[in-house]
Structures are given as structure tokens and as C-alpha cells.
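Just so it is clear, none of the values below were taken in a lab; they were calculated from the coordinates. Not measured: the values here are computed from a predicted model. Neighbour counts are summed over all protein chains in view; Cβ atoms, including those assigned to glycine, are modelled from backbone coordinates with ideal geometry.
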Amino acid sequence: MSAAVSGARILGVFPTPPKSHQIIYRSLMRGLQLRGHEIVIITTDPKWDTSVKNYTEIDLSILNEHWKKRYNFVSLNLGIIGFVTDLLYLAADACKIMFNTPDVQRLLQEGNKFDVVITEWVALPCSSAYAYHFKAPSIGITPFALMYGELDSLANPSNPAYTTDLNISSSDRATFWERLTRFLYSLWFRYIWFMILLPAQDKIAREHFGRDMPNIEDLNKNVSLVLVNHVNTIAYVRPYVPAIVEIGGIHLREPQPLNSDLQNFLDGAPEGVIYFNLGTNIKSDTLAADVRKMFLDVFSDLPQFRVLWKWDTDELPGQPSNVKVAKWFPQQDLLNHPSIKVFIYHGGLESTLEAIRASVPLICIPFFGDQYLNVRKIAEEGAGVALDLDKLSTHTIIAAIRNTIYNATYKENMKKLSDRLNDQPDKPLDRAIWWVEYVIRHKGAHHFRSAAVDLTWYQYLLLDVVVFIVVVFIITISVIYRTIRFINKMQSSQHNKFKAT
């Protein structure tokens, strides 16, 4: 890493509750702190550590309860439209709660100065107001690929003919019906984004940053660059403008030794271990009773394998003797143990990247959001099996486990993905830090800003040019037609006169 920047003061604004998001943000901010920068972070997952210098957290964990009351992800059945609509309304609520938090109010009122503001780009354009308030360049960061509205803020190509939104499970080589669905969804999403979300968040921000504040949409377009937790080499390829920097795998680290209890459990499994973890949003204890029983029956019917199950309460009723439960596992370290034969999970991006890095085949049961898209890609690559929650049975689960463990193709295909993920010119964290410091060194990076950002929608689509060409064509044809008619009329008149003589 070259051209270091020392002693910069950096504000991070990360108000969404999922811990999988916060892991991405904290990886970056911790890396910047270790580089000698002073960090102030607004987070829903505070982890106070007095041994960490130049690191201040503003506790926004109040949003966690708001999130839990809003969603039970196991029973969530809103469909794509319902889920995205609810998510965008939740984002507006998050802005309101964040700005009204006393510690945030003090931050805004105490005359603080920052060299750069890093904000979460997950349907939260209201956060762009921080950079305006502190007169600092801004950087966006996302825990997954960008949505249509966010791509539009950067004038990034998002043609639904070959690209998809993260909430829609369709590949880059889509069928006619998938392309039609994506096209209609893109129109609907942009209506929600530009006509409902942006005005709502703009109104909330103006209450705290003043009526003279520029429009939130314009502030969002003023971002220097956006760090995206996406890897084109292992995911569906998306074209990116220079202002978008891929940092997929930023949270990945070198494996650490396991505690003796886990190490002995894994080492003592001659046939291997099945790892079962549905992430932080989906609580296993809230699974429907029949689904829970299915997994208990499956693991009982496979006594040759040991099972590690992330279970979110103290006891698992009916727990088989070959199953070990815990509320938390050191997942990255665990997946790198050779005894782990298959990982049953929910399709979350961070877990997907961790499994790919460790070359562990996957059994995927998606619940919401980008999980369906991640799962589809894994299945298409032949690195795992996708299961439908609504169609689960003991038979399908056992078949998937046996298939992924005993069919060497899954392991081989996952190893290919792992080789592609690991074959990068630098580490994602180093890359992200370099670009943050680049923005600080140059006091912004607006030279990466596409001129298309300033075009109106009809200019961007060249509709004015098309209309001009059509009008010119019509006028030209009309002139030619009238000219021919006039000539014919004159010739006819001359001919009649000649006949009369």
C-alpha cells in the first residue's frame, strides 16, 4: 500500500441492524483505525473496547428492536414487491430514529470536522446529508450488490436485458419471461425509489440539516465512490463505472485455531461433519415445528455424521446424540476444518463467500432478499444444491446431503470458485483502505463521476435525439412528398395545356 494518509478523521454511518452488514462495515473501519486514522462510527452493533485507541462509537442499537418487531424472517411471506416496499419504508423510519438519537444530535451540534464520511448505501440516501453538513467528501459502502435506484445515482448501466436487481433471482442469461419481469420490476422500483423513498428521506433530513440543504437525490449523486461487496469473478457479471469499487470478501481473514471442545468434536468425526447455520436474522428456534422435526429426523437418520447446529436458545428439544448446538460458532475458522463436508445455510452473501473461500459445498435454503440470487448462482455453478423451504421433506434434505458429500463434483466446482475468489491482485480490505485514502488525499474523487449523472432521463435514453430524428425524417418525407406532388401537378398542367393547343 502506498501514499499513506496519516491522522485523518473519518465518520462512518451504518444504521441498519443486520449483523452481517455490520461485519462488512466494521472490517473496513477497523482496518482504517489500524492505519492510524481516528474513527467515529454510528452503529447498531456497538462493541466498546477501551483498548482500541482513536475509535469512538455512537450507539444506535435502539434500531435493533425496531427491526425485530418489523420482521420475523422465518415466516416472512411478502413476496418481492411486498418485501422491497416494506424495506424502503423501514429505511425512512431508520433515518428518523437515527437523526433523533441524542448522541447523533450532539455529533451534529458540536462543531466536529471530518476528512471523509463513509455511509451505508442500503436504501439510506438520507445519510448523504452528513457529508453536506460536515463539508466532507463522501464514500458509500454496501454489504451486497447495488439496487436499481442506487445504480441510477451513479449513472451505472443496469439494463434488465442482461443485469438483474439483487432482489430478483434470475441469471444474466435470462429467458424472455425473466427479462420481462426484470423490466417491469425496474420500472416499479424506480417509481418507489424516486417518487416515495427519496422525497420521504429528503423531508426527514431537512428537519435536521435545514431547508437550504440541497435535494437528497443530488447529494446522493455527489458521492466520490462506492465500495461494493461483490465479486464479478464468482457472481453474475455486472458492468461498473469507475466510481464503483469491488471489495467482495473484505471481511475474510486467516483462519484461527478452534477451541479444544470444537477441535475434538471435529477431529472425532471419521465420516465428517454437517454444519447447519441460518445466519443472524433467521432464528432456528422460530422455524415451523414440522420443519424443525424434519431436520431432527434427518440428523437422527444420518448417525455416521456429526452435526454442528447454530441454535438460538439454551436447549434443542429432541436433540439427537450426534448433534452439537451453540448460539454462535466461529464460522470462518470452522469452515476451514477438513471435517466439514457440507454447509446447510440460508444463502447470505457473507456466508457464501466464507464457504467459497474454504471450498465447502453448500445446501441452500433461501428466505428473502439477495439470498435467492446467491443460491441460484451457486446451483448454476454446480457448487451446491438449492432447496425450497415450502417444499422441504426429510427425503429431499437427506438426498441433498448425500449428493453434496458423496458426489465429488460439488467439491471440485466449489474449489474452482475458491480459486477464482482468491486470485486477486490485492486483498479486498487493502483495496478498500487504499481507495478511502485516495479520496482523502484528493479531497474527493469527482473525476470518476460519470457525466450521465447530470442528464435527464430522456437525455440518458436519447429520446430527445430519437424524437428529433423522427421529426426531421417526417418533415423530409413530407417535403419530398409535397415536392413530388407539386412537380406532378405542374407536369399535368403543362400536359393539359399542350393537348389544348
Query raised in the report: Contour minus end-to-end for GLU110 and VAL465, with contour as 0.36 nm per residue of separation and end-to-end as the Cα-Cα distance?
Result: 122.7 nm
**Report entry** Contour excess over end-to-end distance, with Cα ends at LYS416 and VAL52 and 0.36 nm allotted per residue
**Finding:** 127.2 nm
Requested in this report: With +1 on each Lys and Arg Cβ and -1 on each Asp and Glu Cβ, and nothing else charged, work out how big the dipole of the chain is about its Cα centre, in Debye to the nearest 20.
Outcome: 1880 debye
Query raised in the report: Once both axes come from the Cα atoms, what is the angle between helix 79-100 and the longest principal axis of the chain, in degrees from 0 to 90, rounded to 10?
Result: 80 degrees
Report summary line: The summed charge of the ALA205 Cβ neighbourhood (under 14 Å; Lys/Arg +1, Asp/Glu -1) stands at -2
Report summary line: Any residue on another chain or 5+ positions along whose placed amide H is under 5 Å from the amide H of HIS230 is listed here as ILE247, GLY248
Query raised in the report: In what sequence, highest mean first, do 251-261, 110-120 appear when ranked by Cβ atoms within 10 angstrom?
Result: 110-120, 251-261
Query raised in the report: Going by the alpha-carbon gyration tensor, a ≥ b ≥ c the square roots of its eigenvalues, is the range 343-432 rounded (a/c under 1.5) or, if a/c is not under 1.5, prolate (a/b greater than b/c) versus oblate?
Result: oblate
Query raised in the report: Given a Förster radius of 22 Å and the C-beta distance between SER260 and TRP328 as r, what FRET efficiency does 1/(1 + (r/R0)^6) yield to the nearest 0.05?
Result: 0.85
Query raised in the report: Which pairs break 26 Å Cα to Cα here: LYS310/LYS411; LYS310/LYS427; LYS135/LYS427; LYS53/LYS203?
Result: LYS310/LYS427; LYS135/LYS427; LYS53/LYS203
Report summary line: HN-Hα couplings for the range 333-338 via Karplus (6.51, -1.76, 1.60; θ = phi - 60°), in whole Hz with x for Gly/Pro, come out as 5, 5, 5, 7, 7, x
Report task. Read phi for every residue in the range 430-442 and hand back ³J(HN,Hα) as whole Hz from Karplus 6.51 cos²θ - 1.76 cosθ + 1.60, θ = phi - 60°, with x for Gly and Pro. Result -> 4, 5, 5, 5, 4, 6, 4, 5, 4, 4, 5, 4, 9
Query raised in the report: When Rg/Rh (Cα atoms, Kirkwood Rh) is calculated directly from the model, which label among (i) 0.96; (ii) 1.10; (iii) 1.04 fits?
Result: (ii)
Requested in this report: Can you figure out the FRET efficiency of PHE83 with LEU389, using R₀ = 22 Å and their beta-carbon distance, to the nearest 0.05?
Outcome: 0.90
Query - Förster radius 45 Å - calculated FRET efficiency between SER450 and LYS489, Cβ distance, rounded to 0.05 - result: 0.25
Query raised in the report: How much net charge surrounds GLY31 when only the other residues with a Cβ under 12 Å from the Cβ of GLY31 are counted, with Lys and Arg +1 and Asp and Glu -1?
Result: +4
**Report entry** the range 107-265: relative contact order as a whole-number percent, Cα under 8 Å and 6+ apart
**Finding:** 26 percent
Requested in this report: Count charges around THR175 for me, please; just the other residues with Cβ under 15 Å from its Cβ, Lys/Arg as +1, Asp/Glu as -1.
Outcome: +1
Report task. Round to a whole angstrom and tell me the spacing of the C-alpha centers of the range 328-401 and the range 224-300. Result -> 7 Å
Query raised in the report: With θ set to phi - 60° and the Karplus curve 6.51 cos²θ - 1.76 cosθ + 1.60, what are the ³J(HN,Hα) couplings of the range 180-192 in order, to the nearest whole Hz, using x for Gly and Pro?
Result: 4, 4, 5, 5, 5, 4, 4, 5, 5, 4, 5, 4, 4
Query - Long-range HN-HN contacts of GLY12 with modeled amide H, under 5 Å - result: VAL40, ILE41, ILE42, ILE118
